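Structure, as structure tokens:
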């Protein structure tokens, strides 16, 4: 019983976090400051907007998977991949642990400023908030995978095996 409650709590928490992040990415400023800076620093223009749209789609799929109990483990694994990818990007020189925030970044990107020019502007950062959110989502999704595997193991040991034979 405790496994089911914990499974639902973790699954719903993950779904809400994924939906919130996806909503901010899809309805936020254009160009998106995060994906725009990744595109500017990496010189790969596909990160904004196409990379952002792909990430939002994968986050929505993962949110749907973690809500449904039969697919919760797969959704949690997909969420773990998303969170680990975000952590890798935060640790790379393309994004950084402290992300520049605010509409000033979007305006500068829209005006065609380079990443070096934007960095020189001295804009405020999120002080590592998005990086910590990525870490929290990774921990929650790993916990969900662990709980789901424990739940399956507990259910499989409780079922009595039927004897095979004509007199069973």
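Read-outs throughout are calculated quantities, based only on the coordinates presented, and are distinct from any laboratory measurement. Predicted model only: the values in this text are computed from it and were never measured. Using ideal geometry, Cβ is built from the backbone for each residue, glycine included, and neighbour counts are taken over all protein chains shown.
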TODO: Report, in deg cm²/dmol and to the nearest 500, the calculated mean residue ellipticity at 222 nm for the chain, where each DSSP H run with n ≥ 4 adds -39500 (n - 2.57) and the sum is divided by the residue count.
DONE: -23500 deg cm²/dmol
Task: Exposure proxy order (Cβ contacts within 10 Å, fewest to most) of 141, 42, 134 - done: 42, 134, 141
Task: 0 to 90° range, to nearest 10: angle between helix 50-67 axis and the chain longest Cα axis - done: 20 degrees
- [ ] Provide, as a two-decimal number, the C-alpha radius of gyration of region 25-64 over 2.2 N^0.38 Å, N being how many residues it has.
- [x] 1.16
Task: Cα-based helix-to-principal-axis angle, 129-158 vs the chain, degrees rounded to 10 - done: 10 degrees
Task: Taking 41, 4, 52, 70 and counting other C-beta atoms within 10 Å, the order from fewest to most - done: 70, 4, 41, 52
Task: Exposure proxy ranking, count of Cβ atoms within 10 Å, fewest first, for 30, 144 - done: 30, 144
Task: 0 to 90° range, to nearest 10: angle between helix 2-27 axis and the chain longest Cα axis - done: 20 degrees
- [ ] Quick one: Debye curve from the alpha-carbon atoms of the chain only, equal weights, vacuum; give me log10 I(q)/I(0) at q = 0.08, 0.10, 0.15, 0.17 Å⁻¹ to two decimals.
- [x] -0.32, -0.46, -0.82, -0.98
